[in-house]
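Written below as structure tokens is the structure these notes are about.
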Amino acid sequence: MLKLDKNGRGLNTVLMIQAETAVSRREFQRHPCDLKIGYELVKWNDAPSGSLRKPRYARGVNISVSGLGLSEAPDLDRGAVKSLISGKEKIRLALYPDGEESPILLFARMAWSVENGQSSAEGTGCGFNFIDVSPDSYRRLTLLVGAIASGTPAL
């Protein structure tokens with residue numbers, strides 16, 4: 001049975017509208033990318049780490065200095081999405097720029113997600129806002145985003 005909201009729209013339609021609204025409110029322009037992203041769910045009190053403990057991987061499809069859009073991440077089940085959106089957990093990300101030995105490590109919180117294998121109009125399955133970014137990670141992130149935006153080789 002298809003669940004409808006009070007306006008008679010299906011759940012996926014409502015989630016798509018929420019995703020597109022989040023995209024239109026962005027402070028920094030996102031740039032298309034194809035970036036390997038490692039991630040793991042962590043508790044809010046987890047300290048920064050030099051690596052991911054039990055990484056899973058997805059593709060980054062757009063990036064800015066304030067956030068990242070991932071392609072559909074199959075390891076983010078409904079329970080994980082609920083924990084991320086509610087704030088029970090955050091995510092530790094590892095961004096792997098081409099040609100770099102070490103990833104850019106940072107924390108993020110989920111801003112929105114599209115369910116059931118759907119994607120937003122820009123082909124994104126979920127969006128994250130970076131939080132608690134160290135000065136070194138921010139410097140590297142700024143260089144990466146600048147390289148992607150200008151079409152030059154990263155870092």
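Please treat every number below as a calculation from the coordinates, not as lab data. Predicted model only: the values in this text are computed from it and were never measured. We place every Cβ from the backbone using ideal geometry, glycine too, and count neighbours over all the protein chains shown.
The value of relative contact order for region 29-150, using C-alpha pairs under 8 Å at least six residues apart, is 28 percent.
On the principal axes of its alpha carbon atoms, region 29-150 extends 34, 34, 21 Å, with the longest extent given first.
Each Lys and Arg adds +1 at its Cβ and each Asp and Glu adds -1 at its Cβ; summed about the Cα centre, region 29-150 shows a dipole of about 320 debye.
Among Leu143, Leu106, the ranking by other beta carbons within 10 Å of each residue's beta carbon, starting with the fewest, stands as Leu143, Leu106. Once the Cα-Cα distance is subtracted from the 0.36 nm per residue extended length, the Lys54 to Thr152 segment shows a gain of 32.1 nm. Within a Cβ distance under 15 Å of Thr142, other residues only, what is the Lys/Arg minus Asp/Glu net charge? Combined, the nearby Lys, Arg, Asp and Glu give 0.
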